[in-house]
Number of protein chains: 2
Amino acid sequence: MSSAPSPTEPPFRTVAIVGLGVMGGSLARALAELDSPPTVAGWSPIPEEREAALQAGVVSRAPSEWNDAVADAEIVVLAAPLRATCDLLADVATSAPPAATLSDVASLKGPVASAAAAAGLSDRWVGAHPMTGSEQSGFGASRADLYRGALVWTVAGEAASARVPAVHALWRSLGAAPVAIEPEAHDRLVAKTSHLPQLVSNALATVLAESGITPDQLGPGARDMTRLAASSPEIWRDLFAHRAPELAEGLRSLAGEVERLAILLEEDDLDTVGEIMRATRAWRRP
Amino acid sequence: MSSAPSPTEPPFRTVAIVGLGVMGGSLARALAELDSPPTVAGWSPIPEEREAALQAGVVSRAPSEWNDAVADAEIVVLAAPLRATCDLLADVATSAPPAATLSDVASLKGPVASAAAAAGLSDRWVGAHPMTGSEQSGFGASRADLYRGALVWTVAGEAASARVPAVHALWRSLGAAPVAIEPEAHDRLVAKTSHLPQLVSNALATVLAESGITPDQLGPGARDMTRLAASSPEIWRDLFAHRAPELAEGLRSLAGEVERLAILLEEDDLDTVGEIMRATRAWRRP
């Protein structure tokens, strides 16, 4: 009963997931598929999602109050939009056992780190940002393999460093690749790798839609390039707000690069266009 | 032996494919998987591709001279870059049986239609543009299901209209959806649906690369948004050249839309960003 956990055994025996959308629902599904699954309690503000998670057999409990869901958790994972994550953190800490690790999957880590520090929780919080997701929303779009092969950035202060190995082990047990990073470096990086591609997809979709083009006229290339344009505006709002100046700068760089290509085409300078394409080909296929 | 062909029987009993890269190789593979496959001869300028197609069992012959490959074809499909397609068309017509239908899979149709007209071949040419492909090149990247579910634009002049049903039947037998279109309308459309997304992907990859970001730091969203950045510069060169002013105009629209998003973020106008996202979400998920 008290033997050392095997490498395949998850490091937490009780997990609470607050939020059962794509991210939280997929976490519950992935945990349920482990050889030795932990006991998972889930909560969603949407009764239908709680019911769906219960019916899918991926949570053992889905109480209507989130403080009931976290009451016996060894780790609580907030899987909510950024603002809700920051707002809930202190209350969740109070309702969960005092020793419970607190985590989250929000796409920016600086604001959550600040919320944890403000609530005196820096010794309990190990944030995570799995670099995966879906343009769709809700438990219905969750899937057990969402995290398989995914890079997962993790963020923790010095005071919580002893909790990091268990959180990494949790993600590794799901087939993900956790990598520790500082919150500021993380947020600067994802403004480029995540927020910028999102808005470029929206911009391209806007141009195509305004040209009278319909999605059934797209091939796989344009479908991929506009997939993110179907993403939830609500989830992105807070993410954009926190890094707006930096994201605007990234957008201006992109606009400049696109303008440059327009000029090259107008000047019939296809050699330089070819050089740009060769450079991106080498970068994308290292 | 001379009974009417069944609906599942392909309309051509002998097919020649000139070019065994992703498009031609995939066509050979798809034809080979039919219940009642036609006899397929293939040709590539690359001896290794001819050998690979033979070894894969998807062509019955792969002679070293293309005129040998087309000698007994009921339909010749040129699966070459745009310029080679235009350059080869007249010679192919001479080497193929006089009744053979001539087709191609180039991504622009106006230049091929002009080449067909100039060679007096308007009564034999039915062009096609399957809206599918790969950012990779060569027979090694070909696959039997490339055309399954794909929209295939077809272009033919009045003089070749009697040949269109058989060409459509050929594509339908491979699970594709052929749709007839005028060459000018087609080329205007794909400048937006195909060429513009290609260069936007290159521009985004350039910005990310110049920020010191590596592809292993990307999630699935950014990976999708930069997949096309690995495409072949050689194949795109002629395509860009033919529609350069129009493509430049599309790029400027895109740059304008991206600039607009930058301004909205700088002005903290997240409501309008949300409206743009809601509009593209509705468009992309109709």
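For B:Gly175, only one of the following conditions fails: (1) touching a residue at least 12 places away in the same chain (Cβ under 8 Å); (2) within 30 Å of B:Glu257 (Cβ to Cβ); (3) not β-branched (Val, Ile, Thr). What is its number?
Checking B:Gly175 against (1) touching a residue at least 12 places away in the same chain (Cβ under 8 Å); (2) within 30 Å of B:Glu257 (Cβ to Cβ); (3) not β-branched (Val, Ile, Thr), the one that fails is (2).
Is it the case, given these coordinates, that A:Val207 is hydrophobic (A, V, I, L, M, F, W, C) and either in contact (Cβ under 8 Å) with a residue 40 or more places away in the chain or more than 7 Å from every other protein chain (Cβ to nearest Cβ) (or both)?
It is false that A:Val207 is hydrophobic (A, V, I, L, M, F, W, C) and either in contact (Cβ under 8 Å) with a residue 40 or more places away in the chain or more than 7 Å from every other protein chain (Cβ to nearest Cβ) (or both).
Each row is one residue, and each column tells you yes or no for (1) in contact (Cβ under 8 Å) with a residue 24 or more places away in the chain; (2) more than 24 Å from A:Pro233 (Cβ to Cβ).
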| position | (1), (2) |
| --- | --- |
| A:Val15 | yes, yes |
| A:Gly25 | yes, no |
| A:Asp35 | yes, yes |
| A:Gly42 | yes, yes |
| A:Glu51 | no, yes |
| A:Ala56 | yes, yes |
| A:Leu78 | yes, no |
| A:Thr101 | yes, yes |
| A:Val105 | yes, no |
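Please determine whether any residue of segment B:165-175 is of a type in the set (Gly, Ala, Ser), within 23 Å of B:Glu74 (Cβ to Cβ) and within 14 Å of chain A (Cβ to nearest Cβ).
No, the conditions are met nowhere in segment B:165-175.
Within segment B:241-267, work out how many residues are at the interface with another protein chain (Cβ under 8 Å from one of its Cβ atoms) and modelled with pLDDT under 95.
Residues meeting the conditions: 3.
May I ask you to verify whether B:Ser201 is closer than 30 Å to B:Pro37 by Cβ and surrounded by 18 or more Cβ atoms within 10 Å (Cβ to Cβ)?
Criteria not met by B:Ser201.
Which of (1) under 19 Å from B:Trp236 (Cα atoms); (2) crowded, with 18+ Cβ neighbours inside 10 Å; (3) more than 14 Å from chain A (Cβ to nearest Cβ); (4) not basic (Lys, Arg) is the odd one out, the single condition B:Leu82 does not satisfy?
(3)
With the requirement that a residue be within 19 Å of A:Pro11 (Cβ to Cβ) and either free of Cβ contacts under 8 Å to residues at least 24 places away in the same chain or touching a helix residue (DSSP H, G or I) at 6+ places or on another chain (Cβ under 9 Å) (or both), what does segment A:136-164 give you?
Within segment A:136-164, A:Tyr147, A:Arg148, A:Ala150, A:Val152, A:Trp153, A:Thr154, A:Val155, A:Ala156, A:Ala160, A:Ser161, A:Ala162 meet the criteria.
Among residues belonging to segment A:185-204 that are of a type in the set (Gly, Ala, Ser) and within 7 Å of chain B (Cβ to nearest Cβ), point out the one that is farthest from B:Val273 (Cα to Cα).
Out of the qualifying residues, it is A:Ser194.
Within segment A:176-191, work out how many residues are in contact with a Leu (Cβ under 6 Å, 6 or more places away or on another chain) and closer than 17 Å to A:Phe240 by Cβ.
Total meeting the criteria: 2.
Specify the residue that is farthest from A:Ser107 (Cα to Cα); the eligible residues are those in segment A:217-240 that are at the interface with chain B (Cβ under 7 Å from one of its Cβ atoms) and among the charged types (D, E, K, R).
A:Asp224
Here's a check for you: in segment B:146-161, which residue that is assigned to a loop (DSSP other than H, G, I, E, B) and within 14 Å of chain A (Cβ to nearest Cβ) is farthest from A:Asp216 (Cα to Cα)?
B:Leu146
Within segment A:59-80, is there a residue that is more than 22 Å from the chain's Cα centre (by Cα), more than 26 Å from A:Met131 (Cβ to Cβ) and assigned to a helix (DSSP H, G or I)?
yes
Hey, can you tell me all the residues within segment B:148-169 that are surrounded by 23 or more Cβ atoms within 10 Å (Cβ to Cβ) and in contact with a Ser or Thr (Cβ under 7 Å, 6 or more places away or on another chain)?
B:Val167 - this is the single residue of segment B:148-169 that is surrounded by 23 or more Cβ atoms within 10 Å (Cβ to Cβ) and in contact with a Ser or Thr (Cβ under 7 Å, 6 or more places away or on another chain).
Is it the case, given these coordinates, that A:Val207 is farther than 30 Å from B:Arg284 by Cβ, among the hydrophobic types (A, V, I, L, M, F, W, C) and at pLDDT 95 or above?
no
What are the residues in segment A:268-286 that are over 32 Å from the mean Cα position of the chain (by Cα), part of a loop (DSSP other than H, G, I, E, B) and within 7 Å of chain B (Cβ to nearest Cβ), if any?
A:Asp268
Would you check if B:Gly120 is free of Cβ contacts under 8 Å to residues at least 24 places away in the same chain and out of contact with any strand residue (DSSP E or B) (no Cβ under 7 Å at 6 or more places or on another chain)?
The answer is yes for B:Gly120.
The values are calculated or read from the model by the stated rules, or taken from the named source; none is laboratory data. Since we're looking at a predicted model, the values are computed, not measured. Please note: Cβ atoms are built from the backbone with ideal geometry, for glycine as well, and neighbour counts cover all protein chains shown.
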